[in-house]
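K.L.:
Pasting a structure below so you can have a look.
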Amino acid sequence: MTTPDAPGPTPGMRLFPRLRKALFWVGLGAFTAWIFPAVGWSNLPVFLRPVAILLILAAEVWLFRRTKPGPRRTAAYAGLAAVVIALWCCIPASNDREWQPDVAVVPYAEIQGSKVLVHDVRNCDYRSTSDFDVRLEDRTYDLDHLRTLDFFVVYWSSPSICHTMLSFGFDDGRQLCLSVEARKEASEGYSAIKGFFRQFELIYILADERDLVRLRTNFRDEQVYLYRLKTDPAEVRGVFLDTMARVNALRAHPEWYNALTHNCTSNLRDRTAPYAKNQKWSWKFLLNGYIDGLVYERGAIDRSLPFEELKKRSLVNERAKAADKDPDFSRLIRKGIPGIDP
């Protein structure tokens, strides 16, 4: 009497080991590629950085030779990666460096009742993008007169990526503009790649719009769009106070900027999310060049016009160039913007 042969492996049984093997090699390759910029731009002494890279690569080779394919090898490499990444995450941010003059001072605020004294509000006088006088001013704001919150979207290259800013409006016509940026040292230029590898600290710049907006429209020739957010004064007050708390926290405890996870848009979203009617995450927070379309879809800005027409009429470059150094700059750039009362 014969017994039937045992069934052979199904396609699904053959696929799983192959998939696991492929994921292992993809993960190992990604970690190995990450080592070079992460360690090469780390805070280790320059002469030790190539040594550290070689030691990590040697550890990878040693593990490959000493372990057999399977869960133990995967666990060994995961342990190595965890140790290296944990040490990298321990690199401390600092406020004590030789900074570029426009970001040399971190602002801070003192709050007494409805009065807020903001120290070191930036109001640079520009002659070009590299030739300017830094002016820092202490300004007092009354929260009882805080009324509006405006949203700036700034394009300098790709339509998929932008810089975002907020501006708080008071009923006396004053605006306090917020720009969350990578804080650059004296010898540094901005690099999107380095922005992923703890090369720039994070800074909240509080400034006059003749500084932050005019710099971008009149000197950098970037495309700047302005939208009035649909908020009531109580909500604006909450965002303002949360921003001041964040500014003070960064002065006491500096943090790293990250081009993907800890940037201008993610920080502004953190400030405004508690007051948003729709808090669902969207891919447009990453490809933030489409962020104004998202806030339009969610009804957070004027919808009396089709979005394409609204965006066209929200471009402020010509108004900003005409206003230039006019003390009434903020009012002049808002003339004709849909959703903003004259």
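The values are calculated or read from the model by the stated rules, or taken from the named source; none is laboratory data. The structure presented is a predicted model; accordingly, all values stated were derived computationally and were not measured. Note: ideal-geometry Cβ built from the backbone for every residue, glycine included; neighbour counts use all protein chains shown.
K.L.:
Mind checking which residues of the range 284-322 are free of Cβ contacts under 8 Å to residues at least 60 places away in the same chain, more than 23 Å from R269 (Cα to Cα) and aliphatic (A, V, I, L, M)?
P.N.:
L305, A322
K.L.:
Here is a follow-up. Confirm whether T231 is in contact (Cβ under 8 Å) with a residue 12 or more places away in the chain, closer than 30 Å to A322 by Cβ and in a loop (DSSP other than H, G, I, E, B).
P.N.:
Taking the combined requirement at face value, the residue satisfies it.
K.L.:
Mind counting the residues in the range 81-96 that are surrounded by 15 or more Cβ atoms within 10 Å (Cβ to Cβ) and under 30 Å from D133 (Cα atoms)?
P.N.:
2
K.L.:
Still on this structure, please answer the following. Please work out if R18 is basic (K, R), under 30 Å from S179 (Cα atoms) and out of contact with any helix residue (DSSP H, G or I) (no Cβ under 6 Å at 6 or more places or on another chain).
P.N.:
So R18 does not fit the description; no.
K.L.:
Check L226, L268 and return the single one that is of a type in the set (A, V, I, L, M), under 28 Å from A93 (Cα atoms), modelled with pLDDT of 95 or more and crowded, with 19+ Cβ neighbours inside 10 Å.
P.N.:
Just a single option satisfies the conditions, and that option is L268.
K.L.:
Can you run down the residue pairs with Cβ atoms below 8 Å, 6 or more apart or on separate chains, where the first is in the range 76-91 and farther than 19 Å from P45 by Cα and the partner is assigned to a helix (DSSP H, G or I) and among the β-branched types (V, I, T)?
P.N.:
L80/I56
K.L.:
Tell me which of these S167 doesn't satisfy, since it passes every other one: (1) closer than 14 Å to R214 by Cα; (2) not in a strand (DSSP E or B).
P.N.:
Against the list (1) closer than 14 Å to R214 by Cα; (2) not in a strand (DSSP E or B), S167 comes up short only on (2).
K.L.:
While we're on this one: Any residue at all in the range 128-135 that's more than 19 Å from the chain's Cα centre (by Cα) and among the aliphatic types (A, V, I, L, M)?
P.N.:
yes
K.L.:
Something else: Against the definition (at pLDDT 95 or above, in a helix (DSSP H, G or I) and either farther than 18 Å from A22 by Cα or in contact with an Asp or Glu (Cβ under 8 Å, 6 or more places away or on another chain) (or both)), how does A82 come out, yes or no?
P.N.:
It is true that A82 is at pLDDT 95 or above, in a helix (DSSP H, G or I) and either farther than 18 Å from A22 by Cα or in contact with an Asp or Glu (Cβ under 8 Å, 6 or more places away or on another chain) (or both).
K.L.:
OK, next. Residues of the range 35-44 being more than 13 Å from L87 (Cβ to Cβ) and out of contact with any helix residue (DSSP H, G or I) (no Cβ under 7 Å at 6 or more places or on another chain), which ones?
P.N.:
P37
K.L.:
Which is among the small types (G, A, S), within 25 Å of A234 (Cα to Cα) and surrounded by fewer than 15 Cβ atoms within 10 Å (Cβ to Cβ), of G336, G299?
P.N.:
Of the residues listed, the single one that is among the small types (G, A, S), within 25 Å of A234 (Cα to Cα) and surrounded by fewer than 15 Cβ atoms within 10 Å (Cβ to Cβ) is G299.
K.L.:
Continuing with the same structure: Look at the range 184-205 and say how many of its residues are closer than 24 Å to N248 by Cα and either touching an Asp or Glu at 6+ places or on another chain (Cβ under 8 Å) or not in a loop (DSSP other than H, G, I, E, B) (or both).
P.N.:
The number of residues fulfilling the criteria is 10.
K.L.:
So, in the range 105-119, exactly how many residues are loosely packed, with under 15 Cβ neighbours inside 10 Å and part of a loop (DSSP other than H, G, I, E, B)?
P.N.:
Qualifying residue count, the range 105-119: 2.
K.L.:
Which residues, counting only those in the range 250-305, are within 17 Å of the chain's Cα centre (by Cα), part of a helix (DSSP H, G or I) and closer than 26 Å to Y108 by Cβ?
P.N.:
L250, C264, T265, S266, N267, L268, R269, D270, R271, T272, A273
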